[in-house]
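Since the structure comes first, as structure tokens, the remarks are kept for the end.
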Amino acid sequence: MEQAAPAKRGVLSPRLRRRLVPYLFLVPATAAMLLIYFYPMLRGVFTSFLDYNTAIGTSEFSGLENYQDIVRDESFWNSMQRSAIWVAGSVVGQFVVGFGFALLLNERWPGNRLVRALMLVPWVMPGVSVALGWRLIYDEQFGLLNDLLGRMGLHQLTWLNDPNLAMLGVILANVWKAFPFVTVTMLAGLAAIPDDLYDAAKVDGATMLNRFRYVTLPGVRNVTFVVVLLMVVWTFNYFDLVFVMTEGGPAQATEIAPVLVARYAFQQFDYGLAATVAVIMTVFNIIFAVLYIKTLRRAEV
Amino acid sequence: MKRRSTARWVGLYALVALGVVFTVFPILWMFTISIRPSNELYITPFRYIPPTPTLDNYIDVLTNQTTVPAHLEQGFGRTVIVAVCTTVLAVIIASLAGYALARFRFRGREPYGVVMLTTQMMPAVLFLVPLFVILRNIGLINTLPGLILSYLTFSLPFCIWLLRGYFEGIPAELEEAALIDGCSRLQALLYVVLPLAAPALVATGTFAFINAWNEFLFAFILAGEKPLLTVQLYSFIGQYGPQYGNLMASALLVATPPVILFLILQRYLIRGLTAGAVKE
């Protein structure tokens, strides 16, 4: 036996050792993820079954009570509705602006490279900086929007202080912040369409509109699907921008789900209820993650 | 290259101009407010170019001469520490894992990759309460190490996913030669693959750094007493009330490092941006 295994590395056969190598490489990452990701995640799920409120001082198992409370909770339903509008409005806006920009940048013209770089700046800026800037664009006294309305002789608005306009306000800021991601991704998708498809369509006498309809759109179908899914998930989870712009107000008009979680946890100290909302959000995200993986798989074939 | 009529050129550039205006006007708005004294905010109609432009707001903020001292230098120090440590840890751990996922065929490889991809889609708020409780229990709440650990929840899976993609693009022949020469797998990774993957490491590290720099939610909740730059910015809203010039100067100062970093390295970063959405 001592002859069979090289003495230096112990008792495992070389074959077994070779099979173990990949797992050894994964040990640090797996250990880290278990500790800092999956353990807190499970704990979060567990917390949703607790009556855990440090303001009242309770901490005990309560089964599904939080879930029963949440379905009767108007704030919860409000946050779901607000989130739906926030996500739908943001993603549609981001896609229209982002794809439009991608179509422009996909053409050749002098200055293209410069604009490609410039366009990405909003995406790279911290959400808090962006939120502060947009707060002042919406400022009632000297904000850009009211200034423009004033110059046109129109009635000025209170924007983020108006429950009917605040959601529109945060959505517009979010469209500005995140459209560059759509542009970059759609550009990569557009670049993957073979030129001869366009040439063939041209030879067949297709108009520009027809080439767009029958070559471009089918060509970017999968990328579009993936990008929209990603934007939906990120927007649904995105906290910084709305929180810094409005803190969920006025009158809960912009209280999207993650902002509600933060309010329950860190203003009402009801960790159980906060965790419950977070778990419900996670269920939505898992559904989107599954769709996303399926789309990626389909795109590979 | 096809030729365009004058009308189409005009149309094209009109659309481009529209896009550029949309992209830059909020930044210019922030800038124009940051370089004017507060009393020039309330001239109606608003003067887009400040009558008496000044750098006072920047100087006040940087030298702590504002009504409440900004102490951005403290936030800057903390942010650099957290962002650098998160980046280094994430890239080291992710290099090992990414290499295994890219090079070896083993049981569980495919699901491991899928899990790494989907972890990035889970809501940060799910971790907020448990991390808060855990960090408090082990005495790491309101500390930079606690924050660094928390940041790994999003930066590690992201780095693993990116590096795996890059490593797959590096031909295996070179390290096979090294393995035949008696290198261990770890040595092959260290001395052959990583030097070749230097641009990928830079790109991945830059992403991790920018993400950590820009992060607000965890920093706000888990280390509010040791505020990073983004948390300081948030607190300025209350502190600087009508001194919008100070506020905008700070907002732009905090945004400058990630923007500059990105513009310098964008050539390496574009591919990473679309990883996970577009197949090469």
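State which residue is surrounded by the most Cβ atoms within 10 Å (Cβ to Cβ) when the search covers only region A:108-145 and only residues that are more than 23 Å from B:Arg271 (Cβ to Cβ) and of a type in the set (D, E, K, R).
Once the filter is applied, the top-ranked residue is A:Arg135.
Can you tell me how many residues in region A:262-296 are under 23 Å from A:Val223 (Cβ atoms) and touching a strand residue (DSSP E or B) at 6+ places or on another chain (Cβ under 6 Å)?
0
With the structure loaded, tell me whether A:Val203 is more than 9 Å from every other protein chain (Cβ to nearest Cβ) and surrounded by 22 or more Cβ atoms within 10 Å (Cβ to Cβ) or whether it fails that test.
So A:Val203 fails the test.
What tally of residues in region B:34-87 results from selecting those that are part of a helix (DSSP H, G or I) and either touching a His at 6+ places or on another chain (Cβ under 8 Å) or among the charged types (D, E, K, R) (or both)?
Residues in region B:34-87 being part of a helix (DSSP H, G or I) and either touching a His at 6+ places or on another chain (Cβ under 8 Å) or among the charged types (D, E, K, R) (or both): 5 in total.
Of the numbered conditions (1) under 24 Å from A:Asp139 (Cβ atoms); (2) modelled with pLDDT under 90; (3) in a helix (DSSP H, G or I), B:Val129 fails exactly one; give the number of that condition.
(1)
If I filter region A:216-227 for residues that are surrounded by fewer than 17 Cβ atoms within 10 Å (Cβ to Cβ), out of contact with any strand residue (DSSP E or B) (no Cβ under 8 Å at 6 or more places or on another chain) and either more than 20 Å from A:Phe99 (Cβ to Cβ) or charged (D, E, K, R) (or both), do I get at least one hit?
yes
Might you let me know whether region A:276-287 holds any residue that is surrounded by 22 or more Cβ atoms within 10 Å (Cβ to Cβ) and more than 9 Å from chain B (Cβ to nearest Cβ)?
Yes, that holds for at least one residue.
Kindly indicate whether any position in region B:151-160 is among the β-branched types (Val, Ile, Thr), within 11 Å of another protein chain (Cβ to nearest Cβ) and in a helix (DSSP H, G or I).
Yes, region B:151-160 contains a residue that is among the β-branched types (Val, Ile, Thr), within 11 Å of another protein chain (Cβ to nearest Cβ) and in a helix (DSSP H, G or I).
Residues of region A:260-275 being β-branched (Val, Ile, Thr) and either more than 10 Å from chain B (Cβ to nearest Cβ) or surrounded by fewer than 24 Cβ atoms within 10 Å (Cβ to Cβ) (or both), which ones?
Within region A:260-275, the subset β-branched (Val, Ile, Thr) is A:261.
Selection gives nothing.
Please verify whether B:Val192 is β-branched (Val, Ile, Thr), surrounded by fewer than 18 Cβ atoms within 10 Å (Cβ to Cβ) and touching a residue at least 12 places away in the same chain (Cβ under 8 Å), treating the condition exactly as stated.
Spelling it out, it is not the case that B:Val192 is β-branched (Val, Ile, Thr), surrounded by fewer than 18 Cβ atoms within 10 Å (Cβ to Cβ) and touching a residue at least 12 places away in the same chain (Cβ under 8 Å).
Within region A:51-78, count every residue that is in contact with a strand residue (DSSP E or B) (Cβ under 9 Å, 6 or more places away or on another chain) and either in a helix (DSSP H, G or I) or modelled with pLDDT of 90 or more (or both).
Residues that pass the stated criteria total 2.
Tell me which of these B:Leu179 doesn't satisfy, since it passes every other one: (1) within 14 Å of another protein chain (Cβ to nearest Cβ); (2) crowded, with 17+ Cβ neighbours inside 10 Å; (3) in contact with a helix residue (DSSP H, G or I) (Cβ under 6 Å, 6 or more places away or on another chain).
The single condition B:Leu179 does not satisfy is (2).
Tally time: how many residues in region A:79-124 are within 17 Å of the chain's Cα centre (by Cα), at the interface with chain B (Cβ under 10 Å from one of its Cβ atoms) and part of a helix (DSSP H, G or I)?
Matching residues across region A:79-124 total 4.
Restricting the search to region B:96-119, which residues are more than 9 Å from every other protein chain (Cβ to nearest Cβ) and within 24 Å of the chain's Cα centre (by Cα)?
The answer is B:Gly113, and nothing else.
From the set of residues in region A:155-185 that are assigned to a loop (DSSP other than H, G, I, E, B) and away from chain B (no Cβ under 12 Å), which is farthest from the chain's Cα centre (by Cα)?
In this case the residue turns out to be A:His155.
Which count do you get for residues in region B:43-80 that are within 30 Å of A:Leu148 (Cβ to Cβ) and not hydroxyl-bearing (Ser, Thr, Tyr)?
Residues meeting the conditions: 13.
The values are calculated or read from the model by the stated rules, or taken from the named source; none is laboratory data. Since we're looking at a predicted model, the values are computed, not measured. Cβ coordinates were reconstructed from backbone atoms using ideal geometry, including for glycine residues, and neighbour counts include every protein chain displayed.
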